[in-house]
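**Student:** Sharing a structure here in structure tokens format.
The values are calculated or read from the model by the stated rules, or taken from the named source; none is laboratory data. The model shown is predicted, which means the values in this text are computed figures rather than measured ones. Ideal geometry is used to build each Cβ from the backbone, glycine not excepted, and the neighbour counts take in all protein chains shown. Just so you know, the surface numbers come from the protein's heavy atoms only, side chains and all, with ligands and any DNA or RNA stripped out. Shrake-Rupley method; radii C 1.70, N 1.55, O 1.52, S 1.80 Å.
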Amino acid sequence: MSDTTMTMSGSPEPLKFHVEGEHHVENGTLLGFWLYLMSDCLVFACLFAAYGVLGRDYAGGPSAAQVLELPVVAINTTLLLLSSITYGFAVLEMQQNRSGPMMGWLVITGLLGASFIGLELTEFSHLVSIGAGPQRSAFLSSFFTLVGTHGLHVTCGLIWLVVLMVQVSKKGLIPANKRRLMCLSMFWHFLDVVWVGVFSFVYLMGVLP
Amino acid sequence: MSEHAEAQHGHDEHDEHDGVSAVHATMKGYLTGFGLASLLTLIPFWLVMSGAFAKSGPADALILLLAGIQIIVHMVYFLHMNTKSEGGWNMLALVFTIVLVVITLSGSIWIMFHLNDNMMPSLMQNPANLP
């Protein structure tokens, strides 16, 4: 904490602009990133609300129970949950300053995330090919917007992951890279939290009678 | 002047203040979180895919409840949330966000469903009033 002091001519003691005991968060990068995640949370809340309102408006088109395939979603959920725990293992290796095993776990995390995206894109292209694209009904519009936004986030997370791996391989586990890895950790686990909402609210509740 | 004393410490001490090492992840924590999350995912999938529920009412409530518990599990074990992290600001931001999310979700659904109910049928049946 910096002590901002100033001596004025004639004043007996220096003026202090920092009160003793007043403190702020040291290096608030993680806090700032948390605030970003919370605002992202509001974006998803709006998309969830839109789906909640429009989710049963089929406009004569296919219903959720007809087009959503739960086995695919179960595999997707497993992939994302596994990628969460493998990222956790990478963080554990990072705390021990072992960059080799950490990179290994990051590669596994990236592969799991890429499989998730691949499977989701396959599902989307299948839906479009059977005439259940986003323009078919309000249900499908809100479905594609919500699930697609989540998928876009995961894609950005994958790009970030690759960039970070390049940075770590070039500079090693310097404090700046550790901070970035912790930010991505929060981002990645946050996406898993959103996915919990997606598979519960959209898929499981959608296919119920 | 304890702040001054801390600032002059070596690199390792400074690292603690980055908030990076302050978050202390453990293998036990991750495995506990993973086990609980798997369980909380398996139960709703099994309930829906086995067709154990004939009516959607109680199933919806149960799925949402399990999702809520799983989100808390993720927050605690994976995102390392507690009331102390970042001097409590994390928790404050989270509580504020939850308030906004609840208002957005419940407000939208409540208003939109009532809007559907309160549409004036006489206007809707006249083709001249339709868009």
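**Student:** Helix A:99-129 versus the longest principal axis of chain A: what is the Cα-based angle in degrees, 0 to 90, to the nearest 10?
**Tutor:** 40
**Student:** Let me ask something else. So what's the projected area for chain A, the Cα convex hull averaged over all directions, in nm²?
**Tutor:** 17.0
**Student:** In deg cm²/dmol and to the nearest 500, what is the mean residue ellipticity at 222 nm of chain A if only DSSP H runs of at least 4 residues count, each as -39500 (n - 2.57), divided by the residue total? Could you put the intermediate results ahead of the total?
**Tutor:** On the way: 6 runs with 144 residues, N = 209.
Dividing the helical sum by the residues of chain A leaves -24500 deg cm²/dmol.
**Student:** What FRET efficiency do you get for B:L115 and A:L119 if R0 is 51 Å and r is their Cβ-Cβ distance, rounded to the nearest 0.05?
**Tutor:** 0.90
**Student:** Also, I was wondering about something else. Any idea how far the Cα center of the stretch B:37-115 sits from the one of the stretch A:147-189, in Å?
**Tutor:** If you average the Cα positions of each part, the centres end up 26 Å apart.
**Student:** Additional query: Expressed as an acute angle from 0 to 90° and rounded to the nearest 10, what is the orientation of the C-alpha long axis of helix A:70-95 relative to the principal long axis of chain A?
**Tutor:** 20
**Student:** From a point 7 Å beyond the Cα of A:C46 in the direction of its Cβ, which residues of the stretch B:72-115 have a backbone N at a distance under 19 Å?
**Tutor:** Only B:96-112 pass the distance filter.
**Student:** Give the accessible area for A:C156 in Å² (nearest 10); use a 1.4 Å probe, count only protein heavy atoms, and leave out ligands, DNA and RNA.
**Tutor:** Approximately 70 Å² of A:C156 is accessible to the 1.4 Å probe.
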